[in-house]
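J.: What follows is a single structure, and I will ask about it in a moment.
Just so it is clear, none of the values below were taken in a lab; they were calculated from the coordinates. Predicted, not measured: the structure shown is a model, and the values here were computed from it. A quick note on method: Cβ atoms are made from the backbone with ideal geometry, for glycine too, and the neighbour counts reach across all protein chains shown.
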Amino acid sequence: MKPLKVAICGGGRTGHLNAILFKQLPDVQVSMLTGNPRVVDQHTRGKPMQALLPDGSTLSAHLDCLTTQARLAVEDADIVIITVPAHARAQTLQAIAPHLSTDKPVYIGAIPGFCGFDWLAESLLAEQPNLVIWGMKDVPHTAFDLKPGCSIKMGGGKQQLYVATHARESAASRQQLQQLLSRLYGPCVTLLDNYLEITLTPGNPIMHSSVIYGLIGPYGQWHRKIFPQPLCWWTECPELGAYFLERMDQESQDLCAVISQRLGIDLSSVKSLKQEIIEAYGEQIRDRSSMLSILRTNQAYNDILAPMVPAADNRAGYVIERESRAFNEDVAYGLVLLVEMAKRFDLKVPYIEEVLNWSVSYMQGLRDSALDYFPNHWPRTA
Ligand SMILES: NC(=O)c1ccc[n+]([C@@H]2O[C@H](COP(=O)([O-])OP(=O)(O)OC[C@H]3O[C@@H](n4cnc5c(N)ncnc54)[C@H](OP(=O)(O)O)[C@@H]3O)[C@@H](O)[C@H]2O)c1
């Protein structure tokens, strides 16, 4: 079989885990682009990387190429997987674009593909028609406790992996993509009809922002206060946060219904967040009676800390980190997109807008956002 050349861009948790898993497969070559020279250093010294699996076993891998240079990582790749957070994707795409092959199809995708990766890639890669743009709805496995260049722990895996392509891609390209991803992930890969099924699936953008708003927003019990100790996102989720989350989940569903109806597309695969969580975690949730109880009693969510940093000026305690991904990724690239999409359909989403506006002020304004690439003409085609 012809070797499949996979380039992973981003040497974080998701990047490490996927790279190690792919290296277990026959005829798959894996390169990884990282910004961390220490990871390259480990590789140069011949140290294999290890994935620690939930059953206690270990997988080892020595990648074919591990580099800080975009050209070396991607120049001959058949498939490129972007695993950096949404706010870092543009920079990564700009770095690799000049080095991608022009004389064969190159399947360039994001894991996870949320925050409108299809629109970003279209805007930055317009001149390269051989590129096939795709995204995966979620990460195939959670990944945590990264020791860069050395080891990564694998968490729970998804039974099914949902993938969508940019609307411009042909049926033949879609079929080829499914074959390539099935070679990497097995037969659990399902192709969705429309990329909006990924973009509109509710997740971190509404989850993280609503909980933070409920904690430290204007009506939160910790408004302008310092936390005496770090706080768990979900087991200590405030009632107000769960209330906003439930409202935002409903508005997100309303947006989906309007888009589905006006554009005449089937978005029935997009479920409410509540339903997604119940289906994903099943018996691990002790009490499914409300959003609050689902979040607080999901064992899979135990011990996950909210993003906090020590309070400034030597004061004892902690504050929610303004520079965290909950703002830079989830607010600037997730919530912003939802509100703009709703605007284009004259749909009111007051709860999402309230949380967005407060979050942006807490962030001291948006530096960059999904609006940098969201097409002006949408929902009309170009
Ligand atoms: N880990 C999970 O279980 C999980 C679960 C659900 C969703 N996700 C999503 O998967 C994506 C990747 O998450 P991850 O957990 O793999 O992240 P991560 O461990 O923080 O790794 C992200 C990597 O992206 C690169 N990067 C470049 N610019 C960056 C920037 N401005 N900020 C942060 N990282 C930057 C860095 O790679 P270098 O070190 O090589 O420079 C970094 O290590 C995110 O969108 C996240 O929301 C992850």
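J.: Kirkwood hydrodynamic radius, segment 4-195, all distinct C-alpha pairs: what's the number in Å? Walk me through the numbers before you get to the answer.
T.: Values: mean 1/r = 0.0607 Å⁻¹.
Evaluated on segment 4-195, it is 16.5 Å.
J.: Follow-up question, since we're still on this one. So what's the net charge close to Ser290: Lys and Arg +1, Asp and Glu -1, counting the other residues with Cβ under 11 Å from its Cβ? Let's see the in-between values first.
T.: Values: positive: Lys274, Arg288, Arg296; negative: Glu239, Glu246, Asp287.
Summing Lys and Arg as +1 and Asp and Glu as -1 gives 0.
J.: Another question, then. Could you grab the relative contact order for the chain? Cα pairs under 8 Å, six or more apart, rounded to a whole percent. Walk me through the numbers before you get to the answer.
T.: Working: 684 pairs, mean separation 51.7, N = 382.
14 percent.
J.: For segment 76-158, with the dipole built from +1 on Lys and Arg beta-carbon atoms and -1 on Asp and Glu ones, taken about the Cα centre, which of Phe114, Gly157, Val80 lies farthest toward the positive end?
T.: Gly157
J.: Report the charge-dipole magnitude of the chain in Debye, nearest 20, computed about the Cα centre from +1 at each Lys and Arg Cβ and -1 at each Asp and Glu Cβ.
T.: Values: 34 positive and 39 negative charges, 116 e Å.
Here the size comes out at about 560 debye.
J.: Quote the convex hull volume per residue of the chain, based on C-alpha atoms, as a whole number of Å³.
T.: Working: hull volume 57.0 nm³, N = 382.
Dividing the Cα hull volume of the chain by its residues yields 149 Å³.
J.: Cut-off is 10 Å between beta-carbons; in what order do Met248, Met341, Met1 appear when sorted fewest neighbours first? It would help to have the intermediate numbers written out before the result.
T.: Details: Met248 28, Met341 23, Met1 7.
Sorted ascending by nearby Cβ count, the order is Met1, Met341, Met248.
J.: Over segment 200-372, with a single point scatterer placed on each C-alpha, what log10 of the ratio I(q)/I(0) does the Debye formula yield at q = 0.10, 0.12 1/Å?
T.: The Debye formula, applied to the Cα set alone, gives -0.39, -0.56.
J.: Looking at segment 298-382, which GluC sites (Glu not before Pro) are in a loop (DSSP not H, G, I, E or B) and have at most 11 other Cβ atoms within 10 Å? Let's see the in-between values first.
T.: Working: sites: Glu321, Glu323, Glu329, Glu340, Glu353, Glu354; in loops: Glu321, Glu323, Glu329.
Taking segment 298-382 and a limit of 11 other Cβ atoms within 10 Å, the loop GluC sites (Glu not before Pro) found are Glu323.
J.: Looking at segment 160-198, which trypsin sites (Lys or Arg not before Pro) are DSSP coil and have at most 16 other C-beta atoms within 10 Å of their C-beta? Don't skip to the end; give the middle numbers.
T.: Values: sites: Arg168, Arg174, Arg183; in loops: Arg168.
Sites meeting the loop and neighbour criteria: Arg168.
J.: Enter the Cα centre distance for the pair segment 120-169 and segment 59-111, rounded to the nearest angstrom.
T.: Cα centroid to Cα centroid, the span is 11 Å.
J.: With 10 angstrom as the radius, rank Val339, Val211 by how many other C-beta atoms surround their C-beta, starting from the fewest.
T.: Values: Val339 20, Val211 27.
Fewest-to-most ranking of Val339, Val211: Val339, Val211.
J.: A further question on this structure: Taking each full run of DSSP H in the chain as one helix, which ones are at least 20 Å long along their axis (Cα atoms) and have mean Kyte-Doolittle hydropathy of at least 1.0? Kindly include the intermediate steps, with their values, before the conclusion.
T.: Working: long enough: 171-185 (21 Å, -0.47); 239-263 (36 Å, -0.22).
The answer is none, since no helix passes both cut-offs.
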